[in-house]
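Every number in this text was worked out from the coordinates using simple rules, so none of it is lab data. Every value quoted in this text rests on a predicted model; they were computed, and no experiment measured them. Heads up, the Cβs are rebuilt from the backbone with ideal geometry, glycines too, and the neighbour counts pull from every protein chain shown.
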Amino acid sequence: MFGDESEVSTHPYLAHTWAPKGFDLKVQAPGQAKRRALLGVRDAVDGEMIVEVSRTKRSTDFIRLLERLDALHGPRTSTVPVVLVLDNGPIHKSKATTKALEERSSWLTPYWLPAYAPELNDIERDWRTLKRLHIANRVLRSEAELEAAVHHAIHAINQARGIHVGELPIAA
């Protein structure tokens, strides 16, 4: 599995738009942008994305994602060991996360990527797809609308990969 974090905002992410050459494209977006952190993993075998949407990007949020992985791939549900590919981000190296990873060492092995190598993490392409194809060029008026758009995007990405939607574990 490939794990990483990203962010989305209620203000538009502009991608692939037409504008006159040299024109600085601006979109009116009322109010202050609301952000959500996306903490996710991508299963290298079937391509399924599992994403935790959070107001913060802290170790406790990452541990909540690990708890979801416990339910799906932990020792009670699977006998296959899992390798979780991670970058060296602070939330992956904190004391709390280190302890949580050690508690799962019977079935989960972290693999650390070199610093500044996002091209080696497959989930980066999924974040790009989510932002460019599902979130881009839209003004999302509320936090609830932003979260709904993210869940819809993850659902669409998983469905495009042929993952049975009835079994899709989407965060609440």
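Assorted remarks:
- Output for the stretch 86-113, where each listed residue is in contact (Cβ under 8 Å) with a residue 12 or more places away in the chain, in a loop (DSSP other than H, G, I, E, B) and over 18 Å from the mean Cα position of the chain (by Cα): Ser94, Arg104, Ser106, Trp107
- Filtered residue count, the stretch 77-113, keeping only those that are surrounded by fewer than 13 Cβ atoms within 10 Å (Cβ to Cβ) and of a type in the set (Lys, Arg): 2
- Any pair with Cβ under 8 angstrom, 6 or more apart, that starts in the stretch 34-55 at a residue that is in contact (Cβ under 8 Å) with a residue 60 or more places away in the chain and surrounded by 22 or more Cβ atoms within 10 Å (Cβ to Cβ) and ends at one that is polar (S, T, N, Q) and not in a strand (DSSP E or B): Met49/Asn158
- Pairs, first without any contact (Cβ under 8 Å) to a residue 12 or more places away in the chain in the stretch 60-81, second of a type in the set (A, V, I, L, M) and assigned to a loop (DSSP other than H, G, I, E, B), C-beta under 9 Å, six or more apart: none
- Any hit, the stretch 67-78, residues being farther than 29 Å from Val139 by Cβ and acidic (Asp, Glu): yes
- For the stretch 120-141, the count of residues that are surrounded by fewer than 12 Cβ atoms within 10 Å (Cβ to Cβ) and part of a loop (DSSP other than H, G, I, E, B) is zero.
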